[in-house]
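Okay, so here's the structure we're looking at.
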Amino acid sequence: MPSAPEFQQTLGKIDGFTGTALHTGENVTLKLHPAPVDHGIKFKRKDLQDEPTIDAKIENLKTVERATTIGEGSVRVHTVEHVLAALWAMGVDNAIVEMDANEPPIGDGSAQAYVDLIRKAGVVAQEEPRKFFGARDTMHVESKTGALLVLLPDDKFRISCTQAGPNNKFTQFLSMEVTPAAFEREIAPARTFVYYEDVKPLMDKNLIKGGSLENAIVVRGEAVLSKEPLRFPDEFVRHKVLDIIGDLALVGRRIRGHVVAVKPGHASNADLARLIAREQTRRSAVAVSRPIPSGDGGLDTDQVMQILPHRFPFLMVDRIISFDTETKCTGVKTVTINEPFFQGHFPGHPVMPGVMQVEAMAQVASILLFKLAKTTSRIGYFMSADEVKFRKPVLPGDTIFIHAELTKSRGERLAKAKCHCVVNDAIVSEAELMFTFLDK
Ligand SMILES: [Zn+2]
């Protein structure tokens, strides 16, 4: 079972600042507003009639040339990735980004100005838990330009990035867990960098009126041109990580997974965001169309796996042998010497760890919870274990009978289960478990 839920967050108050828009060179005022739970992040064009909003979602992605542009209908907002990265990485799930132009102020080309603004506005917790996308299998996208992004299962959000310029100049590598503190310290100050050959034609056509050495580092051959010196020796790869965070925020769910990126760009970041969003849609559809088998006949392994997301070696129940009442059932698990936990617990004297028995009880209890709710579109979060007792060791070859009975459910949100494990007609462990039951 996952640990206790993290809650959604928004801003403490409205706050904003004025700066220069990169492409037009004009002044733009950006204001961040708090927003209710499950709102996500939306951009609002204050300068247009009826003040239209655009959902910061991958399905609204329009172009990825140099920067990320989203739009709905004929309305566009450009260069959304830095403000999105700051909001997402600083833990803001719900917000309105109001602007009186079609792009945010560029600041110094980093996410620093947005982080400062978020700090000023404050971040506050809300009442609904966050929604996550947990990577289960390896996913990847690859582009003709040599960009490769892989998403691996991980219980944290991590990014490992390799950046390489033309002829592999400026090759840099960074690997980190993305947390608000790490983002603020290591990533937010990293500025945009551009290659002179790429921006020269744009400058000639007057397409980046607000662009200057104050808001980008320009690389010309071996030379690095900028108003102030590099903020980090590996500032380029840090900015690549910033862009990945901003572009993946378009998924709209927190990611639990490890992104391994080689030479990423906005196009490949967006491809990965699209792939994740598609997989999430597929999972949601499967969850809704998967009824819980009814009747008292128990569940076989396949049916158990249709209900529980756990897989070997973390699936701790082989079968449900009976449903005694609506609120009571018995599962069974045969532990073999091949269980990975025996290798380290302990060589020469293998015993099943007590926490794995508690996990087995939690899994059987959550099957009852799902059955009661008649859907798997909700998740039971394991909140606490009380009165835990381990009475006898469980050894390789033992068959454990796991009994679970729901004793209390308060509303639809909280449930308690009394559980015990039996081997050879003797109780080996017992516990009282508490769950909260939430929408996926
Ligand atoms: Zn960027």
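The values are calculated or read from the model by the stated rules, or taken from the named source; none is laboratory data. Please read these numbers as outputs of a predicted model, since none were measured by experiment. Neighbour counts run over all protein chains shown; Cβ positions are idealised from the backbone, glycine included. Side chains are part of the model used for accessible areas, which takes the heavy atoms of the whole protein and leaves out ligands, DNA and RNA. Shrake-Rupley method; radii C 1.70, N 1.55, O 1.52, S 1.80 Å.
Quick notes on this structure:
- Relative contact order of the chain, defined on C-alpha pairs under 8 angstrom at six or more residues apart (%): 15 percent
- Take the Cα of residue 182, step 7 Å toward its Cβ, do the same at residue 334, and the gap between the two points is 4.2 nm.
- Positive dipole terminus of the chain, leading residue within 162, 215, 270 (C-beta point charges): 270
- Loop trypsin sites (Lys or Arg not before Pro), the range 46-113, which have at most 16 other Cβ atoms in a 10 Å radius of their Cβ (DSSP): 46
- Protein heavy-atom surface of the range 305-440, 1.4 angstrom probe: 55% of the accessible area is carbon and sulfur, with nucleic acids and ligands not counted.
- The range 130-204 and the range 303-368: distance between their alpha carbon centers, rounded to Å: 39 Å
- Listed peptides 136-146, 333-343, 265-275 appear in the order 265-275, 333-343, 136-146 once ranked by packing, highest mean of other Cβ atoms within 10 Å at the front.
- Under the span-like rule (Cα at least 24 Å along the axis, Kyte-Doolittle mean at least 1.0), DSSP H helices of the chain: 354-373
- Computed accessible area, residue 58, all protein chains, 1.4 angstrom probe, square angstrom: 10 Å²
- Rolling a 1.4 Å probe across all protein chains gives residue 366 an accessible area of roughly 0 Å².
- Solvent-accessible area of residue 47 with every protein chain in place, 1.4 Å probe, in Å² to the nearest 10: 70 Å²
- Counting only Cβ charges, +1 for Lys and Arg and -1 for Asp and Glu, the dipole size of the chain around its Cα centre is about 140 debye.
- Anchor residue 156: aspartates and glutamates whose Cα lies under 19 Å away (excluding residues fewer than 8 positions away in-chain): 6, 93, 137, 177, 184, 186, 243, 247, 279
- Electrostatic dipole magnitude of the range 165-292 [Cβ: Lys, Arg +1; Asp, Glu -1; Cα centre; debye, to 20]: 580 debye
- Label positions at residue 175 and residue 346, each projected 7 Å from the Cα along the C-beta direction, are separated by 3.2 nm.
- Surface share of carbon and sulfur [accessible, 1.4 angstrom probe, percent] for the range 8-88: 45 percent
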